[in-house]
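Structure, as structure tokens:
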Amino acid sequence: MGTQGYTCLRSGDGTNAWTVNPARPEATLFTEGLGQPEQIVTHFVSPDVNPNQNAPRELPPGGNATWQSSSDSSRVWATATGHIDAGSDASCPNTGSLSCLLLQSIGNMAGPSGGDLLDKVTYIQRLNTKGGSVPRTACSAGQTQLVDYTADYYFFRAGK
């Protein structure tokens, strides 16, 4: 469960429009543990403090998409390398929702006690998105809006 944040900005022609840049994802990822949802990861934007060879030379203002383990505080930063438009594929069936994404790690960091749940993640997939798309309402410059969404996230590690 999460929200995608949008900001209303004035464009060059003097009109206002919602934009996802700068990105503001805020999500809590859950898994089913003993029949009860259990928080496992938090998703947000933060500066990449441990970039790898895939990291862009210039970091975006505010930071990169970040996932942090709730159990060991390890992190992965990632950037989108591909997308599927919502409603165009069985893995992303909900028209009008956020795009489904393939994201590549641009940085990883072990937790303070050596935790490595996300330290070795190489790719993340966001599939089956529901909601979260750009608001269709008029807006005033500077206004922000958080739009609820759900998705399935898959984390991949390189083989040993």
Conditions (1) over 15 Å from the mean Cα position of the chain (by Cα); (2) touching a residue at least 60 places away in the same chain (Cβ under 8 Å) -> E32 fails only (2)
Residue pairs within 9 Å by beta carbon, gap of at least six or interchain, first lying in the range 41-69 and on the phi > 0 side of the Ramachandran plot, second assigned to a loop (DSSP other than H, G, I, E, B) and surrounded by 14 or more Cβ atoms within 10 Å (Cβ to Cβ), listed first then second, are G62/P47; G63/P47; G63/D48
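Per-residue answers, yes or no, for (1) within 20 Å of the chain's Cα centre (by Cα); (2) of a type in the set (V, I, T); (3) modelled with pLDDT under 95:
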| residue | (1), (2), (3) |
| --- | --- |
| G115 | no, no, yes |
| R126 | yes, no, no |
| T137 | no, yes, yes |
| A141 | no, no, yes |
Per the list (1) exposed (fewer than 12 other Cβ atoms within 10 Å of the Cβ); (2) at pLDDT below 90, residue check on G14 breaks on (2)
Here the residues within the range 52-76 that are within 15 Å of R157 (Cβ to Cβ) and not in a loop (DSSP other than H, G, I, E, B) are W67, S69, R75, V76
ask   = Can you find a residue in the range 100-119 that is part of a strand (DSSP E or B), under 21 Å from Q4 (Cβ atoms) and out of contact with any Ser or Thr (no Cβ under 7 Å at 6 or more places or on another chain)?
value = yes
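Scanning the range 119-156 for residues that are of a type in the set (D, E, K, R) and farther than 16 Å from V41 by Cα, which turns out surrounded by the fewest Cβ atoms within 10 Å (Cβ to Cβ)?
First pass over the range 119-156, keeping only residues of a type in the set (D, E, K, R): 119-120, 126, 130, 136, 148, 152.
Then keep just the ones that are farther than 16 Å from V41 by Cα; that gives 130, 136, 148.
Values: K130: 15, R136: 7, D148: 12.
Checking each candidate, the answer is R136.
The values are calculated or read from the model by the stated rules, or taken from the named source; none is laboratory data. This one's a predicted model, so the numbers in the text were calculated from it and none came from an experiment. Neighbour counts are summed over all protein chains in view; Cβ atoms, including those assigned to glycine, are modelled from backbone coordinates with ideal geometry.
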